[in-house]
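The values are calculated or read from the model by the stated rules, or taken from the named source; none is laboratory data. What you see is a predicted model, and the numbers here were worked out from it, not measured in a lab. Don't worry about glycine lacking a Cβ; one is built from the backbone with ideal geometry, like all the others, and counts go over all protein chains shown.
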Amino acid sequence: MLNWFYIPLQGIINGLLTGALYALIGMGMALIFGVMRIVNFAHGAFLMIGMYATYLLFQATGMSPYYQFPLAGVLLFFVGYATYMGLLRPIRGQVDFMVILLTMGLALILTDAAQLAFGADYHQINIPLLSKNIHIGPQISINAPWLVSFGIAVVLACALYWVVTQTMFGRAARAIAQNPYAAPLMGINVNRVQAIAFGIGSAAAGISGALLLPVFYLFPEVGNQFKLKSFVMVVLGGMGSIQGAAIAGLVLGVVESLTSLYWGNEWALAVDFVLFILVLSLKPSGIFGSQRA
Amino acid sequence: MKRFFVLFSLAISAVLFWAGCSKGPESNTFKIGVITSLTGSNAAFGQAHKNGYTIALEEINARGGLLGKKVELDYYDDQSRPDQAVQGVSKLVDQDHVPIVLGAYSSESTRAIVPVVTQKQVPLIIPTAVADNVMESNSPWIFRICAGSGSFAAATLDFLKNNGDPKKLAIVYENTNFGQSNNKSMTEAAKAAGLDLVDTEAYQASSPDYKSLLQRVKGKNPEVIYFASYLLDASTLMRQSEQLNLNPKYYTSAGTGFAAAEFPTADKGAGKYAEYTFSVSQWLPSAKWRGSAEFDQKYFALAGSHPAYHGMEAYAVLIAAAAAIDIAKSDQPAAIRDAIKQLNLAETPFGPVKFDARGQNLHPVLVTQVQGGQYKVVWPLDAAESKPIVPAPEWSKRK
């Protein structure tokens, strides 16, 4: 019955659908790391904020997350911009370790604040789209919400790539990444560009949260696993390469799905870190990276 | 400066010493400790517990309380985490000096607190943890009012044997103590009954995607699937079973998620995907024990929804604890424990309560099926209110 073909094919398709969402999250972190060399430990917390904001708006108005995700993006853009301007800029000159500590502390505060505000309960939303499945032949089925989030993630990823490569802002960001001392001499307002980059990266996390809400559970610590996955993607894709992180996201999704299919659900989470260790030990510049590690 | 610091540290030490030495509650309420999951992934069940405890508390206080004092419940929220449950025992016993603890909710948290209450020598009555290993320590301080996973497996197999006698079984279980224990019980019982165990799958309860797992199960073509799941995963599993067009003849389960009050609802559970699933049950509002219907009414008035058995189990342990304290006429843990051992309540809304030598109450297990969005008892025949619908119609043929 061609099961040997269709079963892994379904696994790969599921993996790509999940991977596109991972890619969006990873691209956000890669942008921040690439432009500013900041490891943003609060990335997962930003995703969580986006998810809660979407949840609250959904409860209040019933608007589907697939329509309101731009709002989460805008909210997190301002949160990211403010975080950079208010918290990170003052300590920019200091040791990297301080920046890491600050973002970690921020993540803790945000997560615990969410727990205080919303409780540690798990929430789930139910939208009609969740029960729609698209069947390709008798063997392959695709759950509609994942297809929608795949489409949105692909469009946003392309848009992000376009912004970074084709716009003045993107060029300025890359200039700062190449040489942070020469860039201001060229007339680039380093602080503003970096704050915008941080805002865009955080917006990506927020939008991912909104897209995740219908297919995942919502609880204060939901961001942690995605933060860890983002690190893996940034390393896999080559430090700071946005397109690398996007491909890495898809790769991660597919590998997790196939592992889950052939070895069991428990191993799917471990395989992320096996990949992480393999890449770090065999090709530290990442699969696509010739960037400086 | 040095003198200032010396005086300051002395002052701080004095304050801390005084705070730490606060006397135990010389209040005029009788405190009973309760550990349950008021928040976290099992919050829905913890809330059910709280409702059951509240109803029992009102009844007890209406009768005059215990030992002439009003009864007060000292809740500790374990946040659905076993380490928090252990901390809860310390707080309740060492700080609040409760003579008895009721709880926790999950098998994982309960197993964690069993050695702690034994060491602190305080009786524990377990309302809902079904893992058999929580009773393995043979500690004289541990009592369980609900039936265990071994009884779940036996009841399910008994039902299946008399309703189509399928032979190929797959077990899908969540990988903490609750799931592992039910997997173990069902594996042993199925082997003894001559069934063919075609697949066993463990999963992580807070995962949103079980499609790969269900695909593997589908490939093995079982006639019966036995789930051991909590509420969130039960809902996701049934939803994704429909997406994958997984059609065993019987969806059975070890209760819990598949027996939660929210499970057949659309907004908090699996909605229409819950239809035709079987579950074991410790109690239903339609149970024939005296007081069941009244409990159902009180619960509905309090919570706005009908209780599943978790709420009733909480009610039952508090009633049992109060009865024991009445008999013991004491607030000392050892005397209360001895009274619980002797307890013989012939009639409660949860059925008879009598703990055997190991501390286990021999509670009968029912099998229910979701029909028309409601749980209906289908087995054993003398308790049945409806005929079971087997096999479950295929997904594509359902409305």
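When region A:214-267 is filtered for residues that are buried (at least 22 other Cβ atoms within 10 Å of the Cβ), under 12 Å from the mean Cα position of the chain (by Cα) and of a type in the set (S, T, N, Q), only A:S230 remains. Annotation: of all residues in region B:210-252 being among the basic types (K, R) and part of a helix (DSSP H, G or I), the one that is nearest to B:K167 (Cα to Cα) is B:K220. In the set (1) more than 18 Å from the chain's Cα centre (by Cα); (2) farther than 19 Å from B:Q240 by Cβ, the condition left unmet by A:L160 is number (1). Any residue that is buried (at least 18 other Cβ atoms within 10 Å of the Cβ), in contact (Cβ under 8 Å) with a residue 12 or more places away in the chain and more than 19 Å from A:L17 (Cβ to Cβ) - is there at least one of those in region A:179-188? Yes, that holds for at least one residue. Between B:Y299, B:Y273, B:Y315, the distinction of being touching a helix residue (DSSP H, G or I) at 6+ places or on another chain (Cβ under 9 Å), surrounded by 15 or more Cβ atoms within 10 Å (Cβ to Cβ), within 30 Å of B:L244 (Cβ to Cβ) and not basic (K, R) belongs to B:Y273 only. None of A:S260, A:S230, A:S281 is away from chain B (no Cβ under 14 Å), more than 24 Å from A:T54 (Cα to Cα) and part of a helix (DSSP H, G or I) except A:S281. Scanning region B:105-126 for residues that are assigned to a strand (DSSP E or B) and touching a residue at least 60 places away in the same chain (Cβ under 8 Å) gives B:I125, B:I126.
Of everything in region B:194-208 that is within 14 Å of chain A (Cβ to nearest Cβ) and of a type in the set (D, E), the residue that is surrounded by the fewest Cβ atoms within 10 Å (Cβ to Cβ) is B:D199.
I need the full set of residues from region B:257-302 which are hydrophobic (A, V, I, L, M, F, W, C), outside any loop (DSSP other than H, G, I, E, B) and within 14 Å of another protein chain (Cβ to nearest Cβ), in order please. Within region B:257-302, just B:A274 meets the criteria. Given the structure, is B:S90 touching a helix residue (DSSP H, G or I) at 6+ places or on another chain (Cβ under 8 Å) and in the same structural domain as B:D338 (by TED's automatic domain parsing)? For B:S90, the condition - touching a helix residue (DSSP H, G or I) at 6+ places or on another chain (Cβ under 8 Å) and in the same structural domain as B:D338 (by TED's automatic domain parsing) - is met.
Within region A:109-134, restricting attention to residues that are assigned to a loop (DSSP other than H, G, I, E, B) and within 10 Å of chain B (Cβ to nearest Cβ), the residue that is surrounded by the fewest Cβ atoms within 10 Å (Cβ to Cβ) is A:K132. Scanning region B:215-226 for residues that are surrounded by fewer than 22 Cβ atoms within 10 Å (Cβ to Cβ) and either away from every other protein chain (no Cβ under 12 Å) or under 18 Å from B:K249 (Cβ atoms) (or both) yields B:K218, B:G219, B:K220, B:N221, B:E223.
Put simply, of A:V99, A:V148 the only residue that is more than 12 Å from every other protein chain (Cβ to nearest Cβ) and either closer than 25 Å to A:G19 by Cβ or of a type in the set (G, A, S) (or both) is A:V148. The listed residues are A:Y52, A:Y6, and the only one of them that is more than 14 Å from chain B (Cβ to nearest Cβ), more than 30 Å from A:P180 (Cβ to Cβ) and either surrounded by fewer than 24 Cβ atoms within 10 Å (Cβ to Cβ) or modelled with pLDDT under 90 (or both) turns out to be A:Y52. Examine region B:140-154 for a residue that is within 14 Å of another protein chain (Cβ to nearest Cβ), within 22 Å of the chain's Cα centre (by Cα) and of a type in the set (S, T, Y), and state whether such a residue exists. No. Yes or no: region B:152-168 includes at least one residue that is part of a strand (DSSP E or B), in contact with a strand residue (DSSP E or B) (Cβ under 9 Å, 6 or more places away or on another chain) and in contact (Cβ under 8 Å) with a residue 40 or more places away in the chain. Within region B:152-168, one or more residues are part of a strand (DSSP E or B), in contact with a strand residue (DSSP E or B) (Cβ under 9 Å, 6 or more places away or on another chain) and in contact (Cβ under 8 Å) with a residue 40 or more places away in the chain.
The residue that is farthest from the other protein chains (Cβ to nearest Cβ), among those in region B:242-256 that are touching a residue at least 40 places away in the same chain (Cβ under 8 Å) and crowded, with 24+ Cβ neighbours inside 10 Å, is B:Y250. Can you tell me which residues in region A:135-164 are exposed (fewer than 14 other Cβ atoms within 10 Å of the Cβ) and either part of a helix (DSSP H, G or I) or at pLDDT 85 or above (or both)? The answer is A:G151, A:V155, A:C158, A:A159, A:W162.
Here are some residues: B:A314, B:A357. Which one is modelled with pLDDT of 95 or more and not assigned by TED's automatic domain parsing to the domain that holds B:Y276?
Every option except B:A314 fails the conditions.
For the structure I just gave you, tell me whether A:I38 is surrounded by fewer than 24 Cβ atoms within 10 Å (Cβ to Cβ), within 14 Å of chain B (Cβ to nearest Cβ) and touching a residue at least 60 places away in the same chain (Cβ under 8 Å). In short, no.
Table: residues versus (1) within 23 Å of B:T54 (Cβ to Cβ); (2) crowded, with 22+ Cβ neighbours inside 10 Å.
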position: B:A85; (1), (2): yes, yes
position: B:A104; (1), (2): yes, yes
position: B:T128; (1), (2): yes, yes
position: B:S139; (1), (2): no, no
position: B:S149; (1), (2): no, yes
position: B:A154; (1), (2): no, no
position: B:D158; (1), (2): no, no
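Return only the number of the condition from (1) within 11 Å of chain A (Cβ to nearest Cβ); (2) touching a Leu at 6+ places or on another chain (Cβ under 9 Å); (3) of a type outside the set (S, T, N, Q); (4) surrounded by fewer than 19 Cβ atoms within 10 Å (Cβ to Cβ) that B:K191 does not satisfy. Just one mismatch for B:K191, condition (1). Looking at region A:20-35, can you tell me whether even one residue there is touching a helix residue (DSSP H, G or I) at 6+ places or on another chain (Cβ under 6 Å) and surrounded by fewer than 14 Cβ atoms within 10 Å (Cβ to Cβ)? Among the residues of region A:20-35, not one is touching a helix residue (DSSP H, G or I) at 6+ places or on another chain (Cβ under 6 Å) and surrounded by fewer than 14 Cβ atoms within 10 Å (Cβ to Cβ), which makes the answer no.
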